[in-house]
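This report refers to the structure that appears directly beneath it.
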Amino acid sequence: MSTAPLIRTLQDIEQIESTPLSERDLPSSTFELIRRTAQTHPDAPALSFILQGTAEETPLRLNYAELLGRITQTANAFHRLGLRPGKAVSFLLPNLPQTHYTIWGGEAAGIANAINPLLDPEHIAELIHAADSELLVTLAPFPGTDLWDKVAALRDRLPELKAILCVDMANLLPEPQRSALKAQRGALPEGVLDFDETIAACPADHLESGRAILPEDIASYFHTGGTTGTPKLAPHSHGNEVAMAYSMNLVTRFGIGDVTLCGLPLFHVNGVIVTGLAAFIGGAEVLLATPQGYRNSTLIGNFWKVIERHKVSFFSGVPTIYAGLLQVPSEGHDLSSLKYALCGAAPMPVELIRQFEAKTGLTLIEGYGLTEGTCGSCANPPAGERRPGSIGLPMPYCEVRIKLLDEQGRYLRDAAPNEIGNLCIRGATVFKGYLQASKNAGIWVDGDWFNTGDLGRVDADGYIWLTGRSKDLIIRGGHNIDPQMIEEALHRHPAVAMAAAVGKPDEKAGELPVVYVQLKPGAQASEAELLKHAAAHIPERAAVPKDAWIIDAIPLTAVGKTFKPALRFDAIARVYQAAVAELHPAVRVEVLSDDKAGQLAHIHLPNQDQALAEAIGKRLAGYAIGHRIHFAA
């Protein structure tokens, strides 16, 4: 790793890429990647875990030799239970050491299928079916958790499962709490296996399958494209994940002695790759900060203490996390171990970056990626110039281009510098298509370029700027929401003729879902009634719209499709208008297309009041959408 130059400019990336990836002697699989690090640094700390989220608690800690042993045992247990290459083990787990054993052991024996534990049972069952899973790993009954209840409700609908393994969190408690809890709960549910006992009976020094894993073999499935709707699974090959870890570590430079804090969930590529495999390839230590990660209020309240105690080098988060951490005092804590933090998944307001860096002295790196690209595709260079508001430069071996498409999505030409078009990616980290062939229509352009659905431009120095979205996804604090599910729920209301859901700007979450409604002729319904109906019919709480705005007619394209850009612009205007009206009732907001930003809010002042202009600038600084002040003549 150390032979590659530090990335400061696009030229450094080009120098790295002058040696083809095929000549880099990369491991053939994720199992081999971890085995290599364990062979060269067996005693280096690899994985540590804190249960509560306080700085005082003693972590459970494994070195690389021990981590490889647990992963090998897990792969052998899965193999003994019948898991074979091409078949999947699904896991429904919070962030635990056993989750890492399951991911990498599952990839060594077959395919690991990550499932969001927050989904309702019906969607969990759909994902288990879609992945053709034969094994399931989940939590044993434990106070404050509902995962076993969800699985128990599904068991008779999953006859294809050969076995269910339960991770018993009681095993993570000190005595005498451990024995007391087990005595109170009694035996594990009938017909399920204790995960820790099952893997302990298997050898830790070799794969019993004798499997030779190839780079093109599928390693994992990750669910993408929203929280509900028909499942869309993105398969990653071992080659995809290894190339991603290598590329990521050329940017992050994780090495022996570094500690990466994992607070994002291990059913998501960021938690698995950024604060997982990219750390393992460099020999760094991964600190699993509680089962709930950033959802644990104790961890957030003690965050800077935890950073100081564990000498954390790096953490990764989404804008909502950074907005929350701004409220936690960092003064008086030694944060000198921190090199920088990464922000992705949603646009970060430039003012939030400025405030966070001023408060903590920490460098915040903005990046960009998506499940279909295995994790990351772009990042601002930690050693080079960071351009706030930009998603940075392409990561090594990740090709990024802006392409112009016609109305049918067909390729026209590559964009000129600073010209807005569709952001497309290809390379060793990009998947080969969704598991369900029906989902692959129109996702490739100009040959083998994956169309991300995001709009952007590239400046003269190669920095990439997102300018909007051509696809419909609403991103709430890094959480993908499918607007179709909101729209379908509203269409069930007898008064609704048409419904269209978009995201409105929010200072903390980046976007919040809202829905525009066109009523049937002569029908009546209040916004409160529509919101109550939505809450009753949308299974994912994060997707319930914050507003239902009744309008005369939903805007349509020439071919009769809902024209979402007009609604997004209107949502921005409504939010900004409400914000500036607090300062002066005569200020007018209009949102227009912009050649560089994609969308820009124009704030029209009724006079030449410079103090008002400054006050408006401060009021709108927390939003990711840019604005421009206009004074009246």
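No lab work stands behind these numbers, since they all come straight from the coordinates. From a predicted model like this one, the values you see are computed outputs, not experimental measurements. No Cβ is skipped: glycine too gets one built from the backbone with ideal geometry, and neighbour counts run over all protein chains shown.
Values computed for the structure shown
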quantity	calculated
Gain on full stretching of the segment that runs from residue 628 to residue 214 - 0.36 nm per residue minus C-alpha separation	143.7 nm
Two-decimal log10 I(q)/I(0) for the range 566-630, as the Debye equation yields it once each C-alpha is a single scatterer, q = 0.11, 0.17 Å⁻¹	-0.22, -0.52
Gained length - residue 594 relative to residue 406, 0.36 nm times residue gap less alpha-carbon distance	65.8 nm
The range 474-554: Cα Rg divided by the 2.2 N^0.38 Å rule of thumb	1.03
Hits among aspartates and glutamates - C-alpha to C-alpha of residue 403 under 16 Å, sequence gap 8 or more where chains match	414, 419, 446, 448, 454, 459, 595
Mean separation of Cα contacts under 8 Å, 6 or more apart, over the residue count of the chain: relative contact order %	11
Over the range 474-554, relative contact order from alpha-carbon pairs under 8 Å, at least 6 apart, %	33
Fraction of beta bridges assigned by DSSP in the chain that are antiparallel (%, nearest 5)	55
The range 259-302: proportion of alpha-carbon pairs further apart than 13 angstrom, %	49
Given charges at beta-carbon only (K, R positive; D, E negative), |dipole| of the range 474-554 in Debye	140
Long pairs among 439/532; 520/564; 87/432; 508/618; 311/508, criterion Cα-Cα beyond 25 Å	439/532; 311/508
Förster-model FRET efficiency, 41 Å R0, residue 190 and residue 295, C-beta, rounded to 0.05	0.85
Estimated inter-spin distance, residue 56 and residue 118, nm [label 7 Å along Cα→Cβ]	3.0
Cα convex hull of the range 318-422 - mean projected area over all directions, nm²	8.6
In degrees, nearest ten, helix 121-130 long axis to first principal axis of the chain (Cα)	70
Estimated dipole of the range 566-630 in Debye, rounded to 20 [Cβ of Lys and Arg +1, of Asp and Glu -1, Cα centre]	120
Near-label residues of the range 106-143 by backbone N, under 20 Å of a point 7 Å along Cα→Cβ of residue 443	111-116, 124, 126-133
Spin-label proximity, residue 200 to the range 96-132 - amide N less than 18 Å from point 7 Å beyond Cα toward beta carbon	97-99, 101-102
Spread of Cα-to-Cα distances over 10 Å intervals beginning at zero, given as percent, for the range 1-151	10, 28, 29, 23, 9, 1
Computed over the chain, Cα set: Rg, Dmax in Å	24.8, 81
Set of aspartates and glutamates near residue 232 by C-alpha distance (under 12 Å), chain-local residues within fewer than 8 positions excluded	126, 372, 482
